[in-house]
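First up is the structure itself, then whatever we jot down about it.
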Amino acid sequence: MINPWSSGQVPDYDRLREDFGIGDVPKGIFDSSLFRRGIIFGQRGLEYIEYCMKNEIQFNAMTGLMPSGEMHLGNKSVMDQILFYQSLGAKITIAVADLESYGTRNLSLEKARDIAINKYLVNYIAMGLKPCRFYFQSDSARVQRLALILSNEVNFSEMKAIYGFENSSPMLHINSPLVQVADILHVQSPEMGGPSPTIVPVGADQDPHLRLTRDIANRHRVFNISWERETVKISVSGKYDSRKMLDIANEKLLELNFKIVSRNDNYRLISAMGDIDNNVRLDLELALIESKYNEHAFIAPSATYQKLLTGLKGGKMSSSKPESLISLNDKPEEAVKKIKSATTGGRATVEEQRIKGGEPDKCPVFELYSFHLSPDDKDLNEIHETCKAGTLLCGPCKSEAAERMRKFLADLSEKRNEAMEKISLYVGDE
Ligand code: SF4
């Protein structure tokens with residue numbers, strides 16, 4: 001059972017990808033260690049972002065934060081990815097899920113605001129986030145209105161199946177995923193620029209939200225596009241003048257050199273054959289035309305899936321296990337202590353480790369290097385190989401990790417002081 005509220009690790013990412021139909025990440029698509037090292041293990045719809053990059057079209061990158069507790073290393077990689085997309089020119093939006101923390105964590109909106117700004121946003125700015133849209137769900141009439149409109153696309157039994165809600169679940173809790181759907185999709189509303197590819201980096205445990213969001217985006221479209229090899233079928237949703245919309249689809253298909261195979265106005269369906277490499281362009285161009293008739297012609301958002309960082313004592317690094325996490329707000333000495341008492345992939349005795357070598361692929365300390373402490377691939381490879389060979393032992397390896405972490409946190413703390421001065425550039429009226 002994978003969901004955002006469980007505290008377990010994912011035992012097998014390949015199996016997860018297969019079971020949930022998550023795509024592989026094509027090699028060489030982005031020059032980032034998160035992709036090269038397989039920290040991002042899967043994706044949905046990444047071809048839309050690839051298309052934007054190739055054709056110099058701006059795309060959105062969207063993330064959210066739940067203001068409850070500390071920003072820790074487990075949440076940092078999503079921000080690393082957002083910073084990477086910002087460096088590529090993406091338009092960044094960050095939502096504070098304060099309505100969700102009000103409903104599910106019993107936090108007042110004031111407290112949630114305070115945590116979001118002082119524990120998260122200052123760290124984002126200190127890490128290098130440039131000015132972007134940063135808003136609170138409770139302030140955004142636009143998001144709340146959209147959540148209500150989109151709630152028409154889903155029923156309670158579907159919400160129960162995805163999230164495990166019960167008849168006794170509070171309505172605010174049940175509504176939270178729909179507000180998150182609106183968070184992700186509202187960046188494509190007319191006031192925000194209209195239909196546009198959007199990348200949403202998430203942890204492996206957030207897939208239910210992403211699948212629901214993609215489904216709702218598609219259900220809200222006038223043109224529903226499906227492919228079977230070289231054949232594309234476009235059906236027109238019931239709310240619209242089917243003849244007129246089919247004419248539009250027909251014209252666009254011909255413009256992109258598709259050959260019309262059949263058209264049935266009674267079934268509101270047209271099918272054509274053509275180059276499947278044109279799938280993104282066809283969808284984008286139809287969405288743009290559609291947006292003249294349908295206020296919310298959304299492109300289903302793309303997602304990248306990150307491995308969950310293992311906690312220092314095992315399991316997933318999570319706010320619910322403070323002894324197992326390193327917060328970005330920890331004092332450097334605290335973090336040093338935590339790393340020195342972390343579980344490792346080492347053997348029972350030094351002798352055994354020298355003979356058999358360690359197991360870096362099962363080691364939370366090695367994960368710290370891979371996710372955060374070793375930007376240089378050569379350096380990371382050397383740690384991996386010397387650990388396996390038994391020449392690197394856990395004591396010195398943890399000391400080195402602790403020292404790198406100490407430096408990182410001390411530097412971040414200094415940058416946080418400068419970041420405090422810049423908060424007004426990010427937080428404004430909605
Ligand atoms: S030597 Fe380092 S990487 Fe290897 S098991 Fe020990 S702590 Fe982990």
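The values are calculated or read from the model by the stated rules, or taken from the named source; none is laboratory data. Given the structure is predicted, the values throughout are model-derived calculations rather than measurements. Neighbour counts are summed over all protein chains in view; Cβ atoms, including those assigned to glycine, are modelled from backbone coordinates with ideal geometry. Side chains are part of the model used for accessible areas, which takes the heavy atoms of the whole protein and leaves out ligands, DNA and RNA. Shrake-Rupley method; radii C 1.70, N 1.55, O 1.52, S 1.80 Å.
From the list 395, 346, pick out the single residue that is at negative phi and surrounded by 14 or more Cβ atoms within 10 Å (Cβ to Cβ). When all the criteria are applied, what remains is 346. Summed over the range 125-157, the residues that are part of a helix (DSSP H, G or I), within 16 Å of residue 97 (Cα to Cα) and in contact (Cβ under 8 Å) with a residue 60 or more places away in the chain give a count of 4. If you check 64, 23, 45, 103 for being at pLDDT 90 or above and either closer than 21 Å to residue 135 by Cβ or more than 17 Å from the chain's Cα centre (by Cα) (or both), only one passes: 64.
A residue that is more than 8 Å from the ligand (Cβ to nearest atom), open to solvent by less than 30 Å² (accessible area, probe 1.4 Å) and farther than 20 Å from residue 307 by Cβ occurs nowhere in the range 365-383. Taken together, the residues in the range 398-430 that are open to solvent by less than 60 Å² (accessible area, probe 1.4 Å), within 30 Å of residue 135 (Cβ to Cβ) and among the aliphatic types (A, V, I, L, M) amount to 5. Residue count for the range 198-207 satisfying the condition of being open to solvent by less than 10 Å² (accessible area, probe 1.4 Å) and of a type outside the set (Ser, Thr, Tyr): 5. Scanning the range 227-261 for residues that are open to solvent by 60 Å² or more (accessible area, probe 1.4 Å) and over 34 Å from the mean Cα position of the chain (by Cα) gives 241, 243, 244, 247, 251, 254, 255, 257, 259, 261.
Of the residues 13, 102, 85, the single one that is in contact with a strand residue (DSSP E or B) (Cβ under 6 Å, 6 or more places away or on another chain), touching a residue at least 60 places away in the same chain (Cβ under 8 Å), over 20 Å from residue 211 (Cα atoms) and among the hydroxyl-bearing types (Ser, Thr, Tyr) is 85. Screening residue 329 on (1) assigned to a helix (DSSP H, G or I); (2) open to solvent by 30 Å² or more (accessible area, probe 1.4 Å); (3) within 24 Å of residue 34 (Cβ to Cβ) shows it passes everything except condition (1). Scanning the range 336-360 for residues that are more than 16 Å from residue 391 (Cα to Cα) and either within 11 Å of the ligand (Cβ to nearest atom) or not in a helix (DSSP H, G or I) (or both) yields 339, 340, 341, 342, 343. Listed by first and then second residue, the pairs with beta-carbon distance under 6 Å, at least 6 apart or on different chains, first residue in the range 297-312 and more than 19 Å from residue 208 (Cβ to Cβ), second open to solvent by 10 Å² or more (accessible area, probe 1.4 Å) and basic (Lys, Arg), are 311/321; 312/338.
Among the residues of the range 291-326 satisfying the criterion of being part of a helix (DSSP H, G or I) and surrounded by fewer than 22 Cβ atoms within 10 Å (Cβ to Cβ), which is nearest to the chain's Cα centre (by Cα)? Break it down into steps so the answer makes sense when it comes.
Going residue by residue through the range 291-326, those that are part of a helix (DSSP H, G or I) are 322-324.
With surrounded by fewer than 22 Cβ atoms within 10 Å (Cβ to Cβ) added as a condition, the list becomes 322-323.
Values: 322: 23, 323: 25 Å.
Here the residue is 322.
Checking each residue in the range 269-290 for being open to solvent by 60 Å² or more (accessible area, probe 1.4 Å) and modelled with pLDDT under 95 picks out 275, 276, 277. For residue 285, the conditions (1) closer than 27 Å to residue 86 by Cβ; (2) acidic (Asp, Glu); (3) assigned by TED's automatic domain parsing to the domain that holds residue 164 all hold with the exception of (3). Within the range 363-383, residues that are under 17 Å from residue 312 (Cα atoms) reach partners that are of a type in the set (Lys, Arg) and more than 12 Å from the ligand (Cβ to nearest atom) with beta carbons closer than 6 Å, at six or more positions or on different chains, in the pairs 370/37; 373/404. Residues of the range 370-420 being aliphatic (A, V, I, L, M) and closer than 27 Å to residue 349 by Cα, which ones? Those that are aliphatic (A, V, I, L, M) and closer than 27 Å to residue 349 by Cα: 373, 380, 383, 389, 392, 393, 401, 402, 405.
Is it true that some residue in the range 124-141 is under 15 Å from residue 295 (Cα atoms) and open to solvent by less than 10 Å² (accessible area, probe 1.4 Å)? No, there is no match, as no residue in the range 124-141 is under 15 Å from residue 295 (Cα atoms) and open to solvent by less than 10 Å² (accessible area, probe 1.4 Å). Please count how many residues of the range 364-412 are assigned to a helix (DSSP H, G or I), within 24 Å of residue 35 (Cβ to Cβ) and out of contact with any strand residue (DSSP E or B) (no Cβ under 8 Å at 6 or more places or on another chain). Final tally of qualifying residues: 24.
Just one of the listed residues (236, 200, 181, 280) is within 30 Å of residue 135 (Cβ to Cβ), among the β-branched types (Val, Ile, Thr) and touching a strand residue (DSSP E or B) at 6+ places or on another chain (Cβ under 8 Å), namely 200.
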